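Novice: Mind looking over this structure? Questions follow.
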Amino acid sequence: GSVGDSPEYDVLVIGAGLSGCYSLYRLRKQNIKVLVLEAGDSVGGTWYWNRYPGARFDSESTSYGFSFSQEVLDEWDWTEQFSPQPETERYINFICDKFDLRRNMRFGIRIKTATWNEQGRFWSLVDSNGQRYTSRFLVTAMGVLCDPTLPNVPGVDDFKGEAFHTARWPHEKVSFEGKKVGIIGTGATAIQTIPEIAKTAEHLTVFQRTPNWAVPLHNAKITTEEMTEIRKEYPKLFELCAKTRMCFIHDANFDSIWEASPEEREQLWEHLYAQPGFGMWLSNYKEILVDQKANDLVSEFVAKKIRQRVNDPETAEKLVPKNHGFGTRRVPMETSYFEAYNRPNVQLVDLLETPIKQIKETGLETTKENHDLDMLIYATGFNAVTGSFDAIDFTGVDGVKLREVWDEGPRTYLGFTVQHFPNMFMVMGPHQAYGNIPRSVEYAVEWISNCIEHLRTHDLSRIEPTSRGVAAWTEHVHDVSKGLLANEVDSWMTGVNKNVAHKQKRIVARYSGSAPEFRERTAKIAKDGYSTFSLA
Ligand code: NA7
């Protein structure tokens, strides 16, 4: 292109969550001119938007923090085993202050279109105010769960009381005192917030469509002395996370359920159920996530726990999932969730029996009755994985639209790149291994920034995956997803969102092989000089 056509930045990054912050840190170290564009008014992404009461990690705090800076590891104290949202937001702000990241960030900017200019080899982004930004490379750091969705029921706009989606929670304190509160949804978010709201609301009605297999989080404080001990173990901890399938500290169990006696099973399950974190899900017998019979047994154990913890047998029965097995959807972690239903001010409404008819000025009407409400909370989830891409009009080579390329489900090369969209890199895009997200974010950002560095040092200004590469990777992602019971169940992990018209069919949205395998395969491509890409 002509001089007038040269881009203003080397790299534009969309999003200032963990992915965007680390992208900026890395790229700037490489002397690359970067600008981060963020829709929110500050940094933090997920931890900026999700301010609902009870929001916290289900990952161990110490395993969730960034590992890239020894100084940060030395200076930052986590105060809880599973950090609550305000502390995590402070942590991300601490990182941004420490490395002066805000200098290269712009806030309150919602990108509407992203268009590839083939002649000039650059990306051109336009925000909702019509402002234009250009760069040689584009890094999408938009998060896996960032586009909240409301129920597709009549009357959502009619309700006259206070109404919030959990992912758009107000910055001001919300009071539940003396109020009749309703909440729609019983996913990981709702299960965190319901016990908190129940503490002060005059009345809380939970509108449940699909119950979920939640297990106890067992959160606890971390003392300063404990933090000193933890700090010494950081190298070991990150080594462990690098080995495990989903980057958590919970290692796989290679024991077979069929070689254990019923007493031994019961013993292991009691042990795991009493452990903090995802152990019940991730350190269980090797068959439980792939073999229906094994899954039925562990599901029965968790069902028994629910029945023991909920006083009213009818309510307990409604809380036991019937159509999917334990661990086949993202397992919500709970703190006194089931006990919340033992409170006199909490009521469970089973929408499978009595579906929502409409939302009205005064509350919510099911096919059976009217529920008058002062406040309605939508814990109804997200247009996941590809939702943030749907929200921007991406145009690649020859006017190709990303929405069309992904019409039948995502097609990527290594989860990082897409054919027809040169010089675009995705952090936590589809077909990547998620799990304990920051571990995956660090790897993805390093892969991408190394690739950009390689291109620069080799005087290359264009990279695009080949159709052969995309076909092979997409097939590989589909192959490794086979056999997992989770991939035969509707959830955000299989790309289903009943509130979004084009999300009714299951797709392979994420890389469900192991994270070490993902890293091994993608690192090999880098080591071979990215020769499987078309480079120019
Ligand atoms: P999820 O896990 O997608 O949960 C959304 C919940 O909202 C789920 O229980 C849905 O029921 C329910 N929902 C959605 N739409 C409706 C309508 N129209 N009517 C009734 N109920 C509805 O989102 P979360 O925010 O809880 O968690 C997202 C992730 O964030 C989580 O996995 C963690 O990784 C962090 P359904 O199951 O569709 O029947």
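The values are calculated or read from the model by the stated rules, or taken from the named source; none is laboratory data. Fair warning: this is a prediction, and the values are worked out from it, not measured in the lab. Cβ placement follows ideal geometry from the backbone for every residue including glycine, while neighbour counts extend to all protein chains displayed.
Novice: Select from region 135-162 the residues that are within 24 Å of Ile111 (Cβ to Cβ), β-branched (Val, Ile, Thr) and more than 9 Å from the ligand (Cβ to nearest atom) and write down the one among them that is surrounded by the most Cβ atoms within 10 Å (Cβ to Cβ).
Specialist: Once the filter is applied, the top-ranked residue is Val139.
Novice: Need pairs with beta-carbon distance below 8 Å; first residue under 12 Å from Pro422 (Cβ atoms) and within region 119-141, second modelled with pLDDT of 95 or more and of a type in the set (Asp, Glu); sequence gap 6+ or separate chains.
Specialist: Final answer for the pair search is Arg136/Asp10; Phe137/Asp10.
Novice: Go through region 80-124 and report how many residues are assigned to a loop (DSSP other than H, G, I, E, B), more than 21 Å from Ser388 (Cβ to Cβ) and charged (D, E, K, R). Even if it seems obvious, please write down each step before you answer.
Specialist: Here is the first cut: in region 80-124, the ones assigned to a loop (DSSP other than H, G, I, E, B) are 81-83, 99-101, 107-110, 118-121.
Next, only the ones that are more than 21 Å from Ser388 (Cβ to Cβ) stay: 81-83, 99-100, 118-121.
Now narrow it down to the ones that are charged (D, E, K, R): 100, 118, 121.
Qualifying residue count, region 80-124: 3.
Novice: Could you tell me whether any residue of region 502-509 is crowded, with 18+ Cβ neighbours inside 10 Å and part of a helix (DSSP H, G or I)? Can you show your working first?
Specialist: Our first condition is that a residue be crowded, with 18+ Cβ neighbours inside 10 Å; within region 502-509, this holds for 503, 507-509.
Subsequent filtering for residues that are part of a helix (DSSP H, G or I) retains none.
Checked against the condition, which is being crowded, with 18+ Cβ neighbours inside 10 Å and part of a helix (DSSP H, G or I), region 502-509 yields no hits at all.
Novice: With respect to Val496, determine if the residue is in a loop (DSSP other than H, G, I, E, B) and among the β-branched types (Val, Ile, Thr). Give the steps one after another, and end with the answer.
Specialist: Numbers: in a loop (DSSP other than H, G, I, E, B): yes; among the β-branched types (Val, Ile, Thr): yes.
Yes; evaluated as a whole, the condition is true for this residue.
Novice: So, of the residues in region 163-177 that are surrounded by 10 or more Cβ atoms within 10 Å (Cβ to Cβ) and assigned to a strand (DSSP E or B), which turns out to be farthest from the ligand (Cβ to nearest atom)?
Specialist: Within region 163-177, the subset surrounded by 10 or more Cβ atoms within 10 Å (Cβ to Cβ) is 163-170, 174-176.
Then drop every residue that is not assigned to a strand (DSSP E or B), which leaves 163-165.
Details: Ala163: 14, Phe164: 13, His165: 9 Å.
Here the answer is Ala163.
Novice: While we're on this one: Just to verify a result, which residue in region 331-345, among those that are surrounded by fewer than 18 Cβ atoms within 10 Å (Cβ to Cβ) and touching a residue at least 24 places away in the same chain (Cβ under 8 Å), is nearest to the ligand (Cβ to nearest atom)?
Specialist: Keep residues of region 331-345 that are surrounded by fewer than 18 Cβ atoms within 10 Å (Cβ to Cβ), which gives 336, 339, 342-345.
Narrowing further to those that are touching a residue at least 24 places away in the same chain (Cβ under 8 Å): 336, 339, 342-343, 345.
Values: Ser336: 17, Glu339: 19, Asn342: 21, Arg343: 20, Asn345: 21 Å.
Ranking the qualifying residues of region 331-345, first place goes to Ser336.
Novice: Can you pull out every residue in region 26-52 that is within 18 Å of the chain's Cα centre (by Cα) and either of a type in the set (Gly, Ala, Ser) or within 16 Å of the ligand (Cβ to nearest atom) (or both)?
Specialist: Taking region 26-52 and keeping what is within 18 Å of the chain's Cα centre (by Cα), we get 38-40, 43-52.
Correct list: Ala39, Gly40, Gly44, Gly45, Thr46, Trp47, Tyr48, Trp49, Asn50, Arg51, Tyr52.
Novice: Inside region 250-329, counting only helices (runs of 4 or more DSSP H) that do not spill past its ends, which hold 1 or more residues that are more than 24 Å from the chain's Cα centre (by Cα) and within 25 Å of Val480 (Cβ to Cβ)?
Specialist: Values: elements: 262-273, 279-282, 292-309, 313-319.
The helices (runs of 4 or more DSSP H) meeting that bar are 292-309.
Novice: A further question follows. Search region 221-279 for residues being among the hydroxyl-bearing types (Ser, Thr, Tyr) and touching a residue at least 12 places away in the same chain (Cβ under 8 Å), and hand back the single one that is surrounded by the most Cβ atoms within 10 Å (Cβ to Cβ).
Specialist: Step one: filter region 221-279 for residues among the hydroxyl-bearing types (Ser, Thr, Tyr), giving 223-224, 228, 234, 244, 256, 261, 273.
Now drop any that are not touching a residue at least 12 places away in the same chain (Cβ under 8 Å), which leaves 224, 234, 244, 256, 273.
On the way: Thr224: 8, Tyr234: 16, Thr244: 21, Ser256: 12, Tyr273: 15.
My answer is Thr244.
Novice: Take the residues in region 431-454 that are in contact with a strand residue (DSSP E or B) (Cβ under 9 Å, 6 or more places away or on another chain) and in a loop (DSSP other than H, G, I, E, B), then tell me which one is nearest to Val477 (Cα to Cα).
Specialist: Per the criteria, the residue is His431.
Residues checked against (1) polar (S, T, N, Q); (2) in contact (Cβ under 8 Å) with a residue 60 or more places away in the chain; (3) away from the ligand (no atom under 15 Å from the Cβ):
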site	(1), (2), (3)
Val400	no, no, yes
Tyr434	no, yes, no
Ile437	no, yes, no
Glu464	no, yes, yes
Glu475	no, no, yes
Val480	no, no, yes
Ala486	no, yes, no
Val489	no, yes, no
Thr494	yes, no, no
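Novice: Looking at the structure I just gave you, is Val470 in a loop (DSSP other than H, G, I, E, B), out of contact with any His (no Cβ under 7 Å at 6 or more places or on another chain) and either within 16 Å of the ligand (Cβ to nearest atom) or under 29 Å from Val400 (Cα atoms) (or both)?
Specialist: Working: in a loop (DSSP other than H, G, I, E, B): no; out of contact with any His (no Cβ under 7 Å at 6 or more places or on another chain): yes; either within 16 Å of the ligand (Cβ to nearest atom) or under 29 Å from Val400 (Cα atoms) (or both): yes.
When the stated conditions are applied, Val470 does not pass them.
Novice: Run down Pro211, Pro195 and say which single residue is within 30 Å of Val153 (Cβ to Cβ) and either away from the ligand (no atom under 16 Å from the Cβ) or assigned to a helix (DSSP H, G or I) (or both).
Specialist: Numbers: Pro211 fails: either away from the ligand (no atom under 16 Å from the Cβ) or assigned to a helix (DSSP H, G or I) (or both).
On inspection, the qualifying residue turns out to be Pro195.
Novice: How about region 411-430: which of its residues are outside any loop (DSSP other than H, G, I, E, B) and of a type in the set (S, T, N, Q)? Explain how you work it out, then say what you get.
Specialist: Taking region 411-430 as the starting set, the residues that turn out to be outside any loop (DSSP other than H, G, I, E, B) are 413, 417, 424-426.
Result: Thr417, single match.
Novice: Can you say whether Phe57 is more than 20 Å from Trp169 (Cα to Cα) and within 14 Å of the ligand (Cβ to nearest atom), as far as the supplied structure shows? So that I can check it myself, show each step before the final result.
Specialist: On the way: more than 20 Å from Trp169 (Cα to Cα): no; within 14 Å of the ligand (Cβ to nearest atom): yes.
Judged against the criteria, Phe57 is not a match.
Novice: I've got another one for you. Looking only at region 421-459, which residues are β-branched (Val, Ile, Thr) and more than 19 Å from Gly387 (Cβ to Cβ)? Quick ask: steps written out before the conclusion?
Specialist: Filtering region 421-459 down to residues β-branched (Val, Ile, Thr) leaves 427, 437, 441, 445, 448, 452, 457.
Within region 421-459, Val445, Ile448, Ile452, Thr457 meet the criteria.
Novice: Among the residues of region 514-529, which ones are free of Cβ contacts under 8 Å to residues at least 24 places away in the same chain and part of a helix (DSSP H, G or I)? Give the steps one after another, and end with the answer.
Specialist: Taking region 514-529 first, the residues free of Cβ contacts under 8 Å to residues at least 24 places away in the same chain are 520, 524, 527-528.
Glu520, Lys524, Lys527 - these are the residues of region 514-529 that are free of Cβ contacts under 8 Å to residues at least 24 places away in the same chain and part of a helix (DSSP H, G or I).
Novice: I've got another one for you. Could you grab me the full set of residues in region 50-102 that are within 30 Å of Ile377 (Cβ to Cβ), crowded, with 19+ Cβ neighbours inside 10 Å and among the β-branched types (Val, Ile, Thr)?
Specialist: Thr88, Ile92
Novice: Quick check on region 179-192: of everything there that is of a type outside the set (Ser, Thr, Tyr) and outside any helix (DSSP H, G or I), which residue is farthest from the ligand (Cβ to nearest atom)?
Specialist: Taking region 179-192 first, the residues of a type outside the set (Ser, Thr, Tyr) are 179-185, 187-188, 190-192.
From the residues that got through so far, the ones that are outside any helix (DSSP H, G or I) too are 179-185, 187.
Values: Lys179: 21, Lys180: 19, Val181: 16, Gly182: 11, Ile183: 9, Ile184: 5, Gly185: 3, Gly187: 2 Å.
This residue is Lys179.
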